[in-house]
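Comments concern the structure below.
The values are calculated or read from the model by the stated rules, or taken from the named source; none is laboratory data. Quick caveat: nothing in here was measured; it's all calculated off a predicted structure. Virtual Cβ from ideal backbone geometry, glycine too; neighbours counted across all protein chains shown. Please note that ligands, DNA and RNA were not included when accessible areas were found on the heavy atoms of the full protein model with its side chains. Shrake-Rupley method; radii C 1.70, N 1.55, O 1.52, S 1.80 Å.
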Amino acid sequence: MCLLTIGTNSATKRFMTDSPPYLNTVTELVRTLGGDGPLAKELNIGRSAVKNWRLRDKIPAAQRFAVFRLCQRNGFRVAPELLGERPER
């Protein structure tokens with residue numbers, strides 16, 4: 001949950017909003033960011049590279065930070081596992 005505050009005085013209203021859901025698969029992430037071509041162009045890599053990410057369901061270590069920043073700029077949350085983080089036990 002995230003707290004959204006509207007107003008700056010005594011009339012301030014606060015609302016609880018749901019945080020955006022996590023992108024849990026590489027396919028979901030690629031689709032959300034516009035597809036193979038637009039994502040590849042944004043990252044300055046080949047379209048076939050992004051297609052291979054989807055086929056393997058894995059983002060290469062060299063691209064993870066750029067993908068994270070792109071998602072962050074666009075308001076999307078990425079499941080830590082997609083960025084190489086180990087799930088908590």
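To the nearest 10 Å², what's Lys58's accessible area with a 1.4 Å probe?
120 Å²
Mind checking the full-extension length gain between Arg31 and Arg77? Use 0.36 nm per residue of separation minus the Cα-Cα distance, one decimal, nm.
15.2 nm
Roughly speaking, what is the stretch gain from Lys41 to Arg69, that is 0.36 nm per residue apart minus the C-alpha to C-alpha distance, in nm to one decimal?
Additional length available on full extension: 8.6 nm.
Restricting to Cα pairs below 8 Å that are 6+ residues apart, what does the relative contact order work out to for the range 33-89? Please round to a whole percent.
Numbers: 33 pairs, mean separation 13.7, N = 57.
RCO, the range 33-89: 24 percent.
At a probe radius of 1.4 Å, what is the per-residue accessible area of Leu33, in Å² to the nearest 10?
Roll a 1.4 Å probe over it and Leu33 shows about 30 Å².
Can you run phi through the Karplus equation (6.51, -1.76, 1.60; θ = phi - 60°) for the range 30-46 and list ³J(HN,Hα) in whole Hz, with x for Gly and Pro?
4, 4, 5, 8, x, x, 4, x, x, 5, 4, 5, 4, 8, 6, 10, x
State, to one decimal in nm, how far the label point of Leu55 lies from the label point of Tyr22, with both points 7 Å from Cα in the Cβ direction.
For Leu55 paired with Tyr22, the spin-label model returns 2.7 nm.
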